[in-house]
1. Could you identify the single residue in VAL347, VAL311, VAL317, VAL373 that is at pLDDT 95 or above, of a type in the set (A, V, I, L, M) and in a strand (DSSP E or B)?
2. Out of the range 194-209, which residues are surrounded by fewer than 18 Cβ atoms within 10 Å (Cβ to Cβ) and part of a loop (DSSP other than H, G, I, E, B)?
3. For residues that are in contact with an Asp or Glu (Cβ under 9 Å, 6 or more places away or on another chain) and among the β-branched types (Val, Ile, Thr), scanning just the range 210-229, find the one that is surrounded by the most Cβ atoms within 10 Å (Cβ to Cβ).
4. For the range 219-247, enumerate the residues that are closer than 19 Å to ALA390 by Cα and out of contact with any Pro (no Cβ under 7 Å at 6 or more places or on another chain).
5. Just name the residue that is farthest from ASP247 (Cα to Cα) out of those in the range 144-185 that are in contact with a Phe, Trp or Tyr (Cβ under 7 Å, 6 or more places away or on another chain), of a type outside the set (Phe, Trp, Tyr) and outside any loop (DSSP other than H, G, I, E, B).
6. Does at least one position in the range 288-298 carry a residue that is closer than 13 Å to TRP348 by Cα and either part of a helix (DSSP H, G or I) or touching a residue at least 24 places away in the same chain (Cβ under 8 Å) (or both)?
7. Here is a check on your reading of the model: is ASP294 modelled with pLDDT under 95 and more than 40 Å from the chain's Cα centre (by Cα)?
8. Give me the residue from the range 273-287 that is assigned to a strand (DSSP E or B) and out of contact with any Cys (no Cβ under 8 Å at 6 or more places or on another chain) and, out of that set, nearest to ASP243 (Cα to Cα).
Amino acid sequence: MKLPGEEERGGGVGPFLIYMVVGVSAFVLIVLFAVFKSNDNKRGGSEYLQEVQEQREEAAKQEEPAAEEEPSEKPKLRAEDLDFWDMYPEETEEEMSEAAETEETGNVVSKNPYTEKAEREMEADRQKEEEQRNDPATDGRHTLITNRDGTEEWVLINPYLTKNTLDFTKMEDKAGLKRYMENGRKTSYVGVDISKHTGKVYFPSIKAAGVDYVMIRLGSRGYSTGQITLDENFKENIEGAIDAQLDIGIYFYSQAITQDEAIQEANFVMQNLEPYRTHVKYPIAFNMGFVSNDKSRIEGLSREDKTAVTVSFMEAVKAAGYVPMIYGDKEWLIKEVDLTKLQDYDVWLSQEEEIPDYPYLYSMWQYNTDGVVNGIDGGADLNICFISYAER
């Protein structure tokens, strides 16, 4: 139902309002489109720039491995890799020092005479030390031997043989007789060795002179005939020593050329000692050696032969219950027999020196063959023993 006057108002303003609404809407749409377009352009530009930046970063990443691989493909050259360095000789330290001094002063450098002298002295000292190390007289590994023909030679000391450890600062002489003293007490024993060549011996007198023991020659084998004989004074000497209450040892001069002959000599000694067996406290010594101004039976024996003969005699003596001993001078003991096969036996060294230089162990030392002792007319063979055999 229409109100009064409605139709007339609607007919006057209806179309105008429609056009106005349409126009405003169109304007709004145009403004919105423009805004959206502007935003799209901005967003598109940012995305483009971002894409370009990403492409640059990707290219940089691809170049980095190539840069890292480049050193391995082309290693850097070092100074020593260049061939031209071989064209120049190496300078010694002395030349480098002189070159440095020349560079500093601008002058040719001459050696300081004092420095040059010191260098010569140092070189001389070095050569001297080298010579001493190679000198058998000072290297401590050699010992000097005087051969029976008078020649001398240095012989290497066997490191496997027992060494002599005597301290000769403890040795003293009293009335021409040597004594070994330790802490003010005599620890050695004075001895003489006697035979028919000694002549008449007054045993109470030598006892009173300080002699403790005697080494008596029982017999010998002839150096040319090979005949075994009893010493002419043996019986008189051993009985005189027993009466004087001296300790007694025995020695036999051998010229055995076979082991059988050595055993024969030992048996001869045992037979003649039997009556005096309980009185023999000191060793029975085997004395084999060359003779002066003549040829002996043993001249043709080798070192091995002489060693084997010695062992045969020693073992026979040992089997009979006596103490075996080998007698000899330095040359005989070191050169003529093999001591490595005689280590089980005591040694009686003959060396007429103030201090013997025999390097190996010995228990008795004959230090004088022309000594003076009361009770013996003429020269006496003097000995010192470092073991108390009588108390064994």
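The values are calculated or read from the model by the stated rules, or taken from the named source; none is laboratory data. Note that this is a predicted model, so its numbers are computed, not measured. With ideal geometry, Cβ positions are generated from the backbone for all residues, glycine too; neighbour counts draw on all protein chains shown.
1. Of the residues listed, the single one that is at pLDDT 95 or above, of a type in the set (A, V, I, L, M) and in a strand (DSSP E or B) is VAL347.
2. GLY199, LYS200, TYR202
3. Within the range 210-229, the match that is surrounded by the most Cβ atoms within 10 Å (Cβ to Cβ) is ILE216.
4. Selection gives ASN237, ILE238, GLU239, GLY240, ALA241, ILE242, ASP243, GLN245, LEU246, ASP247.
5. Applying the filter and picking the extreme gives LEU144.
6. Yes: the range 288-298 contains one or more residues that are closer than 13 Å to TRP348 by Cα and either part of a helix (DSSP H, G or I) or touching a residue at least 24 places away in the same chain (Cβ under 8 Å) (or both).
7. Spelling it out, ASP294 is indeed modelled with pLDDT under 95 and more than 40 Å from the chain's Cα centre (by Cα).
8. Result: VAL280.
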